[in-house]
Amino acid sequence: MELNERQEKILTIVKENGPITGEQIAEQLSLTRATLRPDLAILTMSGFLEARPRVGYFYVENAQKRVLNDELKKMTVKEFQSIPVVVKESSSVYDAIVTMFLEDVGTLFVVRENSILTGVLSRKDLLRASMGNQDLSQVPVNVIMTRMPNITMCGQDDALIEVANTLIQKQIDGLPVVKQVSVNGEEVFEVTGRMTKTNITKAFVSLAQENE
Ligand code: ADP
């Protein structure tokens, strides 16, 4: 949130002189109390100032940081996810490489019927598989993929900041967005989306645009 010049001045006055009444702030700015009322309302509503009856206004430390923090925590996977790009377990490494180029993604998800997640393929997984002399069209992706239950996933309602943290901790580029479903009594995960470092970067940029 961007403050106007007068609101910045009020903040400085309260920071240096608080607790201070609205009347006293007005006096310092050579304005009337009524003129300041909307600014004071904005500053208290957005958490920069705290008003106590019969005492006056206090400055709240780190308010700007808190506002940003609140905005960040409100951002969810749902708003920023991309469409998942998947290959079948029986697909060859060759086909997976072609898919990665055609779809212009860095991470592929491997699925069985009904989009049930079984594995993940990264760029380096495919590069590694290409280093030997084997015929890549004869090697199925399920022999080289990272497989369940070792896959890190997220849900569409998860906070974006948590996902960003996970990507850093696990040193990976992306996560499948999944929905837990029951198939013949087995709890499995249906792939519904894709969250990557690019999505996080876009969310980061959107935060700046919101505040313009
Ligand atoms: P790259 O291999 O291009 O550096 P990553 O850092 O994303 O890409 O992947 C590193 C390794 O982690 C790969 O072997 C990949 O299969 C695995 N991996 C990638 N994403 C996940 C995930 N969501 N859960 C578990 N393992 C993953």
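The values are calculated or read from the model by the stated rules, or taken from the named source; none is laboratory data. Not measured: the values here are computed from a predicted model. Please note: Cβ atoms are built from the backbone with ideal geometry, for glycine as well, and neighbour counts cover all protein chains shown. We work out accessible area using only protein heavy atoms, side chains counted, and drop any ligands, DNA or RNA first. Shrake-Rupley method; radii C 1.70, N 1.55, O 1.52, S 1.80 Å.
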Convert each backbone phi in segment 97-105 into a coupling constant with the Karplus relation 6.51 cos²θ - 1.76 cosθ + 1.60 (shift: θ = phi - 60°), then list the ³J(HN,Hα) values in order as whole Hz, x for Gly and Pro. 4, 4, 4, 4, 5, 4, 8, 6, 10
Using only the alpha-carbon atoms, what does segment 5-73 span along each of its principal axes? Please give whole angstrom values in decreasing order. 39, 22, 19
Determine the share of segment 5-73's accessible area contributed by carbon and sulfur atoms, expressed in whole percent, with a 1.4 angstrom probe. 49 percent
If we count every other residue with Cβ under 14 angstrom of ASN114's Cβ, Lys/Arg +1 and Asp/Glu -1, where does the sum land? -2
Set LYS65/LYS179; LYS73/LYS202; LYS88/LYS179; LYS9/LYS74; LYS78/LYS197, cut-off 24 Å on Cα-Cα distance; pairs above it are LYS65/LYS179; LYS9/LYS74
Overall form of segment 77-203 per C-alpha gyration tensor (a/c, 1.5; a/b vs b/c): oblate
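Among residues other than ILE10 whose Cβ falls under 15 Å from its Cβ, what is the net charge (Lys/Arg +1, Asp/Glu -1)? Intermediate results must be reported in sequence, preceding the final value.
Numbers: positive: ARG6, LYS9, LYS15, ARG33, ARG37; negative: GLU2, GLU5, GLU8, GLU16, GLU23, GLU27, ASP39, GLU50.
With Lys, Arg at +1 and Asp, Glu at -1, the neighbours total -3.
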Helix-derived mean residue ellipticity, 222 nm - over the chain, DSSP H n ≥ 4, -39500 (n - 2.57), to 500: -13000 deg cm²/dmol
If you take the square roots of the eigenvalues of the alpha-carbon gyration tensor of the chain and sort them as a ≥ b ≥ c, do you get rounded (a/c under 1.5), prolate (a/b over b/c) or oblate? prolate
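Going by a ≥ b ≥ c, the root eigenvalues of the Cα gyration tensor, does segment 124-188 fall in the rounded group (a/c under 1.5), the prolate group (a/b larger than b/c) or the oblate group?
Oblate shape, in that a/c is at least 1.5 and b/c is the bigger or equal ratio.
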Just the accessible area per residue of the chain, please: how many Å² with a 1.4 Å probe? 61 Å²
Search the structure for amide H atoms under 5 Å from the amide H of PHE189, placed 1.01 Å from N in the peptide plane, and list their residues when 5 or more places away or on another chain. LEU117, VAL181
Which of the peptides 127-134, 191-198 is most tightly packed, and how do the rest follow, judged by the mean count of other Cβ atoms within 10 Å per residue? 191-198, 127-134
